[in-house]
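**Q** Mind having a look at this structure? Questions to follow.
All of the numbers you see were taken from the coordinates with simple rules; none came from a lab. What you see is a predicted model; the values in this text were computed from it and never measured. Cβ coordinates were reconstructed from backbone atoms using ideal geometry, including for glycine residues, and neighbour counts include every protein chain displayed.
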Amino acid sequence: MLERFVHWLTETTFAMGYPGILVLMALESSLFPVPSELVMPPAGYLAAQGRMNAAVAVGAGVAGSILGAFFNYFLAVWLGRPLLHKYARYLLIREATLDRAEAFFRRHGEIGTFLGRLLPVVRHLISLPAGLARMNMGRFALYTAAGAGIWCAILTYIGWFLGRNAEVLQQEEVKRLTTFAILVLIPVMAVIIGAYTWRHRRR
């Protein structure tokens with residue numbers, strides 16, 4: 001059954017094409033529960049078969065991520081701090097989490113936006129404090145695109161790797177390789193945070 005579901009997901013991604021990837025990744029980057037792990041790996045798998053272009057798929061994923069991030073950004077601008085905190089529970093966000101994110105963002109908005117795009121759950125939240133802080137939209141888009149680009153490229157490569165080395169895209173393998181990618185990213189992110197902290201303290 002799982003194998004049939006993955007096959008259906010892959011063929012659905014192919015049928016929707018790049019606009020479908022854009023829309024699904026826009027939903028993934030907003031407050032809707034569409035896991036990016038179900039969108040980008042099938043695109044990479046199709047690219048390994050020559051049925052999609054991996055670079056265009058990543059570009060569509062990044063564009064969708066930016067659109068979804070701006071949805072949350074303007075939602076925070078429109079609601080404002082009091083309303084956003086009042087209705088946080090209806091958006092499936094704990095108020096304490098929003099408080100911590102907002103406090104962090106006041107001090108480290110740009111690095112927070114970039115690294116937040118690489119972390120599960122956080123990538124859905126990071127745009128809200130950016131909107132509350134009225135972060136410069138150009139810089140917000142730039143750092144969102146940088147983080148989302150890395151994540152979309154990793155997921156697309158996972159699908160491409162499986163497509164080149166297996167006959168069928170296996171969801172268990174996607175999860176395993178995604179977890180491995182996150183574990184690899186953690187020390188890289190730690191180095192980035194260390195360098196940023198050192199530079200920040202010197203300034």
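**Q** Arrange the following residues from fewest to most other Cβ atoms within 10 Å of their Cβ: Ser36, Ser30, Ser127.
**A** Values: Ser36 23, Ser30 20, Ser127 28.
So the residues, fewest neighbours to most, are Ser30, Ser36, Ser127.
**Q** I would also like to ask the following. Arg199 to Thr12: FRET efficiency via 1/(1 + (r/R0)^6), r the Cβ-Cβ distance, R0 41 Å, to the nearest 0.05?
**A** 0.35
**Q** Could you work out the Kirkwood radius for region 105-155, taking every pair of different alpha carbons, averaging 1/r and inverting it, reported in Å? Mind showing how you got there, number by number?
**A** Values: mean 1/r = 0.0937 Å⁻¹.
Hydrodynamic radius (Kirkwood, Cα pairs) of region 105-155 is 10.7 Å.
**Q** Regarding region 14-68, what's the average projected area of the Cα-atom convex hull, expressed in nm²?
**A** On the way: hull surface 12.4 nm².
Mean projected area for region 14-68: 3.1 nm², to one decimal.
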